[in-house]
There are 2 protein chains.
Amino acid sequence: MHTISETTQRGVTERAVTIAGPREPVPGVLWTPEDADGSRPLVLIGHGGSQHKRSPNVTALARRLVRHHGFAAAAIDLPGHGDRTPPDERRMSLRERQMRLRERHIADGGHQVASARAVEDWRATLDALSARDEIGAGPVGYWGVSMGTRFGVPLVACEPRIEAAVLGLFGWAPGPRLAGYDDLARQVCVPLLFLVQWDDELARRPYALALYDLFGSRTKTLHANPGRHVEIPAAEYAASEAFLAAHLAVPR
Amino acid sequence: MHTISETTQRGVTERAVTIAGPREPVPGVLWTPEDADGSRPLVLIGHGGSQHKRSPNVTALARRLVRHHGFAAAAIDLPGHGDRTPPDERRMSLRERQMRLRERHIADGGHQVASARAVEDWRATLDALSARDEIGAGPVGYWGVSMGTRFGVPLVACEPRIEAAVLGLFGWAPGPRLAGYDDLARQVCVPLLFLVQWDDELARRPYALALYDLFGSRTKTLHANPGRHVEIPAAEYAASEAFLAAHLAVPR
């Protein structure tokens with residue numbers, strides 16, 4: 001793990017880093033309390049499709065986890081996103097990019113290949129972060145909705161270091177598009193908060209409810225609110241923070 | 001309003017009271033902070049079917065609203081419950097009483113008559129409580145699930161003094177049994193937290209989701225958890241408390 005730059009603002013130290021990924025270097029951001037010393041809980045934040053490691057909801061959640069709870073938080077650019085966006089896609093409109101992402105997703109071998117790559121990048125990131133003194137082997141949580149749940153389910157299912165997760169804005173239906181995804185969802189057994197947008201035009205309600213139904217977790221809470229895909233109310237970021245704090249905080 | 005007895009424990013004063021109801025005296029309990037002075041938010045707590053004004057979940061929620069937020073809380077025995085249980089039902093088993101309650105409900109004229117009576121009792125209670133110095137015209141909230149929602153929807157729909165509500169464990173389907181209830185649900189426009197038990201054997205999931213769908217509130221959050229009707233997890237009582245505190249607290 002290589003640090004490119006470091007700044008501190010309102011008690012939060014933010015480092016731009018590069019992680020040695022299995023196929024290519026992975027650009028990431030690490031947020032920790034200023035002068036952090038000793039191990040602490042870590043939350044991995046998975047951005048949504050067409051977003052990146054510094055999307056506003058990602059950085060805002062990271063900063064509040066650090067400021068309010070003394071946790072560490074980290075985000076990476078998932079394959080094809082952020083600094084990993086192919087040069088010919090950089091000037092595209094959001095709509096053009098979303099179409100290209102879909103095409104590339106299919107051309108690359110679809111759901112299972114994409115998930116395997118994202119999971120490998122996350123596990124390399126977790127290895128690198130756990131080696132740092134100010135993180136160590138503290139409990140790990142995951143927050144990611146939409147594409148962050150597409151890749152988050154396989155990650156949480158196979159990564160025993162993750163002890164709690166916030167997922168949502170994603171659904172499941174039988175069929176080849178998400179082959180095997182239902183089995184991975186059943187393997188998710190950690191305490192889970194699942195966010196649903198009642199009028200979600202991308203992750204339609206019955207499919208989102210079907211995915212919630214699949215999770216193997218004994219503690220799994222669904223929060224639904226009116227609104228479309230990108231309209232998660234602010235209260236659910238507060239709820240996410242409280243949920244992760246409750247399940248990851250180490251008794252002092 | 002007549003006070004029968006008064007005790008104070010851990011900073012919470014609990015008064016057994018009798019309210020002059022429109023048809024008969026209504027037995028109630030009022031919880032306030034010890035030495036309360038001046039107006040404050042009030043939460044009305046509607047008990048479930050076969051429960052009463054001192055059922056453990058009612059008293060526990062009332063006490064935490066008083067202790068943690070300085071609110072007032074009140075519960076009454078709804079018609080046919082608690083001290084208003086007909087003498088011949090007092091020695092019945094829970095199962096016998098539940099059957100009798102269903103029979104009586106039908107004999108008395110069904111949903112609309114029962115609701116009208118419960119709503120009248122609640123409104124008389126609210127009139128009496130608002131006249132007290134330590135409550136006054138502070139904002140009012142309502143908490144009630146199951147039968148507490150059956151009667152809570154008509155109450156919240158018609159009572160403009162109620163500014164926030166927690167409802168749940170109840171569903172709606174078209175048909176004569178709940179005639180007009182859908183229109184009342186559409187008239188509920190206050191911030192709302194709606195609790196669903198994912199495996200509810202009484203308020204089945206599709207009907208509970210259909211009721212949530214009907215509410216006219218712009219701010220309406222659904223919380224679902226695995227488990228049967230009476231298995232609301234403790235975390236949802238904490239969430240109820242936080243929701244009511246957020247929507248009723250008066251800025252100081």
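The values are calculated or read from the model by the stated rules, or taken from the named source; none is laboratory data. What you are looking at is a predicted structure, and each value in this text was computed from that prediction instead of being measured. Here the Cβ is made from the backbone with ideal geometry for all residues, glycine too, and neighbour counts use every protein chain on show.
Computed values, structure above
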{"read-out": "Tally of residues being within 17 Å of the chain's Cα centre (by Cα) and at the interface with another protein chain (Cβ under 10 Å from one of its Cβ atoms) across the range A:194-211", "value": "2"}
{"read-out": "Qualifying residue in the range A:220-228 (condition: away from chain B (no Cβ under 11 Å), farther than 18 Å from A:VAL153 by Cα and in contact (Cβ under 8 Å) with a residue 12 or more places away in the chain)", "value": "yes"}
{"read-out": "Residue in the range B:143-156 that is buried (at least 22 other Cβ atoms within 10 Å of the Cβ), at pLDDT 95 or above, under 30 Å from B:ASP37 (Cβ atoms) and of a type in the set (S, T, N, Q) present", "value": "no"}
{"read-out": "Hits in the range A:68-85 (condition: charged (D, E, K, R) and in a loop (DSSP other than H, G, I, E, B))", "value": "A:ASP77"}
{"read-out": "Flag if A:ALA246 is without any contact (Cβ under 8 Å) to a residue 12 or more places away in the chain, of a type in the set (A, V, I, L, M) and out of contact with any Pro (no Cβ under 9 Å at 6 or more places or on another chain)", "value": "no"}
{"read-out": "Only one of A:ASP199, A:ASP183 that is charged (D, E, K, R), modelled with pLDDT of 95 or more and part of a helix (DSSP H, G or I)", "value": "A:ASP183"}
{"read-out": "Strands (runs of 3 or more DSSP E) contained in the range B:1-50 and holding at least 1 residues over 21 Å from the mean Cα position of the chain (by Cα)", "value": "B:2-9"}
{"read-out": "Tally of residues being in a helix (DSSP H, G or I), of a type outside the set (S, T, N, Q) and within 9 Å of the chain's Cα centre (by Cα) across the range A:138-151", "value": "2"}
{"read-out": "Qualifying residue in the range B:103-119 (condition: outside any helix (DSSP H, G or I) and closer than 23 Å to B:GLY70 by Cβ)", "value": "no"}
{"read-out": "Candidate set from the range A:233-252 (those that are crowded, with 17+ Cβ neighbours inside 10 Å and small (Gly, Ala, Ser)); member that is nearest to A:GLY138 (Cα to Cα)", "value": "A:ALA245"}
{"read-out": "Which listed residue is without any contact (Cβ under 8 Å) to a residue 40 or more places away in the chain, part of a helix (DSSP H, G or I) and on the phi < 0 side of the Ramachandran plot, from B:PRO160, B:PRO174, B:PRO154", "value": "B:PRO154"}
{"read-out": "Matching entry among A:LEU214, A:LEU248, A:LEU244 (being modelled with pLDDT of 95 or more, within 20 Å of B:ALA234 (Cα to Cα) and within 14 Å of chain B (Cβ to nearest Cβ))", "value": "A:LEU244"}
